[in-house]
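S.K.: One structure, as structure tokens, below. Some questions next.
The values are calculated or read from the model by the stated rules, or taken from the named source; none is laboratory data. Bear in mind the structure is a predicted one, so any value in this text is a computation, not a measurement. Cβ: placed from backbone, ideal geometry, glycine included. Neighbour counts: every protein chain shown.
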Amino acid sequence: MPDPLTESHVIRTAEPEQAVAEVREAYRKLTAEVARVVVGQDAVVQQLLMAMFCKGHALVVGVPGLAKTLLISTIARSVSLSFSRIQFTPDLMPSDITGTEVIEEDKSTGVRELRFVKGPVFANVILADEINRTPPKTQAALLEAMQEHQVTIGGVQHKLPVPFFVLATQNPIEQEGTYPLPEAQLDRFMFNIKIGYPSEDEEAEIIRRTTTGGDVKSVAALTSQDVQRVQDIVREAPVPEHVIRYALRLVRATRIKEDSPKPKMVTDYLSWGAGPRASQYLILAAKAQAILAGSFHVTPDHVKAVAHPVLRHRIITNFNAEADNVTTDDVIDTLLREIPVDGSGPGERKMVESVMG
């Protein structure tokens, strides 16, 4: 039987319009259900669903009270998938997430044997609430699950259900009693999504909805098979070579020790650049962005549209950046402005401009 994580349904070239329409209809259904419960945050909803369509995980970062938990749980309810919420605390142990082996006695024979009791990670959608509130040992319990979609207990591998997503939340302003996620785990999140305050009109609507007796809940709009079908369609979208090369130039320009052309801001303010997962996720996310925009063809503009959530947690700023109040988003803005789409370097561009001028 084919593995749904690696096997995909081939889309014939005569069907791209139908495939795009199928994904956009799935997206419309999901966003309509989410909008019944969550007010606004359209960009955040889009990025979360894009991560789901790309078989990726997402980290949502925002101050308390912005409906991070509500948003993720609503998305889970909008799809016919099993859902687990794990509240991360300082005393949480790895076995509280993955499960543990217990000794069970057969009363008829008196024989004792070990039986594995599955933890909350054995669900399709995992809400890792306040993931930075638990020590690294427990955070690491998710590493194998997020990458290999399995859990190993006592040398035995236990496969996780398909599809599988980890959607985590994090509070950026509270540092006391928290444990920053290690870079290896951050890299496994496809997106780092920033969620901001609602607009005045949106906040007024939130007040109206939450201070009355009504309690609106979303209903399942898609099945597990629908989600996997959408994932297959996204992966089959063709990407031209020049778009792949543009994504590579963006990522490789963040690596200060490589000889690739890079803006001065990178050498001044970065201590570490993005790895190969950044290139992979830029292309995957660009595919989803293109399809949601109504096209089966990926362009550099689609790569630019997803650069911030893909790169912001994969590049590390240095002390100079902190002193000058420069963020990773500022560096990404510079990359998008200065890295050429066509592959020409700054010197070559100036020469062309002088000739054209």
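S.K.: Report whether or not residue 287 is modelled with pLDDT under 90 and either in a helix (DSSP H, G or I) or out of contact with any Asp or Glu (no Cβ under 8 Å at 6 or more places or on another chain) (or both).
M.R.: No, not satisfied.
S.K.: Let me ask you something else. Hey, could you check segment 254-280 for residues that are surrounded by fewer than 18 Cβ atoms within 10 Å (Cβ to Cβ) and β-branched (Val, Ile, Thr) and say which is modelled with the lowest pLDDT?
M.R.: Among residues in segment 254-280 that are surrounded by fewer than 18 Cβ atoms within 10 Å (Cβ to Cβ) and β-branched (Val, Ile, Thr), the one modelled with the lowest pLDDT is 256.
S.K.: Follow-up question, since we're still on this one. Picking from 161, 136, which residue would you name as being free of Cβ contacts under 8 Å to residues at least 60 places away in the same chain, surrounded by fewer than 16 Cβ atoms within 10 Å (Cβ to Cβ) and assigned by TED's automatic domain parsing to the domain that holds residue 101?
M.R.: Of the residues listed, the single one that is free of Cβ contacts under 8 Å to residues at least 60 places away in the same chain, surrounded by fewer than 16 Cβ atoms within 10 Å (Cβ to Cβ) and assigned by TED's automatic domain parsing to the domain that holds residue 101 is 136.
S.K.: Do you know which residues across segment 256-281 are in a helix (DSSP H, G or I), within 19 Å of the chain's Cα centre (by Cα) and either outside the structural domain of residue 307 (by TED's automatic domain parsing) or not aliphatic (A, V, I, L, M) (or both)?
M.R.: Of everything in segment 256-281, those that are in a helix (DSSP H, G or I), within 19 Å of the chain's Cα centre (by Cα) and either outside the structural domain of residue 307 (by TED's automatic domain parsing) or not aliphatic (A, V, I, L, M) (or both) turn out to be 276, 277, 279, 280, 281.
S.K.: Inside segment 41-55, can you point out the residues that are surrounded by 19 or more Cβ atoms within 10 Å (Cβ to Cβ) and in contact (Cβ under 8 Å) with a residue 40 or more places away in the chain?
M.R.: 41, 44, 47, 48, 50, 51, 52, 53, 54, 55
S.K.: Could you say which residue among 288, 253, 293, 307 is in contact with a Cys (Cβ under 6 Å, 6 or more places away or on another chain) and in the same structural domain as residue 335 (by TED's automatic domain parsing)?
M.R.: From the options 288, 253, 293, 307, the qualifying one is 288.
S.K.: Looking at 219, 251, 239 in this structure, which one is assigned to a loop (DSSP other than H, G, I, E, B), buried (at least 18 other Cβ atoms within 10 Å of the Cβ) and either among the β-branched types (Val, Ile, Thr) or without any contact (Cβ under 8 Å) to a residue 40 or more places away in the chain (or both)?
M.R.: Exactly one of 219, 251, 239 is assigned to a loop (DSSP other than H, G, I, E, B), buried (at least 18 other Cβ atoms within 10 Å of the Cβ) and either among the β-branched types (Val, Ile, Thr) or without any contact (Cβ under 8 Å) to a residue 40 or more places away in the chain (or both), namely 239.
S.K.: Here are some residues: 221, 253, 247, 145. Which one is under 30 Å from residue 103 (Cα atoms) and touching a Ser or Thr at 6+ places or on another chain (Cβ under 9 Å)?
M.R.: Working: 221 fails: under 30 Å from residue 103 (Cα atoms); 253 fails: under 30 Å from residue 103 (Cα atoms); 247 fails: under 30 Å from residue 103 (Cα atoms).
The unique qualifying residue is 145.
S.K.: Quick one: how many residues across segment 137-188 are more than 20 Å from residue 313 (Cα to Cα) and either part of a loop (DSSP other than H, G, I, E, B) or charged (D, E, K, R) (or both)?
M.R.: 13
S.K.: Taking the options 116, 83, 122, name whichever one is among the aromatic types (Phe, Trp, Tyr), without any contact (Cβ under 8 Å) to a residue 60 or more places away in the chain and touching a helix residue (DSSP H, G or I) at 6+ places or on another chain (Cβ under 8 Å).
M.R.: Numbers: 116 fails: touching a helix residue (DSSP H, G or I) at 6+ places or on another chain (Cβ under 8 Å); 122 fails: touching a helix residue (DSSP H, G or I) at 6+ places or on another chain (Cβ under 8 Å).
Every option except 83 fails the conditions.
S.K.: Among the residues of segment 86-98, is any modelled with pLDDT under 85 and either outside the structural domain of residue 182 (by TED's automatic domain parsing) or touching a Leu at 6+ places or on another chain (Cβ under 8 Å) (or both)?
M.R.: Within segment 86-98 (the criterion being modelled with pLDDT under 85 and either outside the structural domain of residue 182 (by TED's automatic domain parsing) or touching a Leu at 6+ places or on another chain (Cβ under 8 Å) (or both)), the answer is no, since none of the residues qualifies.
S.K.: Could you list, in sequence order, all residues of segment 318-357 that are part of a helix (DSSP H, G or I) and modelled with pLDDT under 80?
M.R.: Of everything in segment 318-357, those that are part of a helix (DSSP H, G or I) and modelled with pLDDT under 80 turn out to be 346, 347, 348, 349, 350, 351, 352, 353, 354, 355, 356.
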